[in-house]
Amino acid sequence: MILVATGSTVLLVDPGADRAPRPATGITARRPSCLAASPRPGGPAWCGSEDDGLFRSDDGGRSWRVGGLPGEHVTAVAVSPSRPERVWAGTEPSAVWRSDD
């Protein structure tokens with residue numbers, strides 16, 4: 001599965017399927033700005049949004065729930081390659097946040 005952030009939602013693209021991309025649930029109209037996924041197979045994915053903070057998916061991007069930083073404009077999100085439970089988020093105005101859970 002490939003995740004694509006658009007101006008209004010996250011789309012799920014299945015390269016092997018013969019169908020159009022479909023929107024994920026729980027993040028529609030949240031203005032996604034960035035995506036990151038755990039390096040572990042089946043690990044969580046993270047999506048930053050322009051005004052609603054971070055969202056987390058534990059099912060390959062099919063559905064999303066609030067993951068933190070409510071009201072923040074998240075411009076970057078990254079998962080640590082050496083500690084996959086550690087997530088870094090950059091926000092505007094300039095700040096860097098870290099979570100270990």
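The values are calculated or read from the model by the stated rules, or taken from the named source; none is laboratory data. Not measured: the values here are computed from a predicted model. Here the Cβ positions follow ideal geometry from the backbone for every residue, glycine too, while neighbour counts run over all protein chains shown. Surface areas here come from the heavy atoms of the whole protein model, side chains and all, with no ligands, DNA or RNA. Shrake-Rupley method; radii C 1.70, N 1.55, O 1.52, S 1.80 Å.
The solvent-accessible area of Val96, taken with every protein chain present and a 1.4 Å probe, is close to 110 Å².
Per residue, the Cα convex hull of the chain amounts to 85 Å³. What part of the accessible area of the chain, given as a whole %, is carbon or sulfur when the probe is 1.4 angstrom? Here carbon and sulfur together make up 53 percent of the probe-accessible area.
Only Cα pairs under 8 Å and 6+ residues apart enter the sum, and on that basis the relative contact order of the chain stands at 19 percent. With all protein chains present, calculate the accessible area of Glu92 using a 1.4 Å probe and round the result to the nearest 10 Å². Roughly 100 Å² of Glu92 is accessible to a 1.4 Å probe. Within the chain, antiparallel bridges make up roughly 95 percent of the DSSP beta bridges whose residues both belong there.
A straight line joining the Cα centroids of region 1-55 and region 71-101 runs 16 Å. Entry comment: accessible area of the chain is 56 Å² per residue, from protein heavy atoms only and a probe of 1.4 Å. In a simple Cβ point-charge model (Lys, Arg +1; Asp, Glu -1; nothing else charged), the chain has a dipole of about 180 debye relative to its Cα centre.
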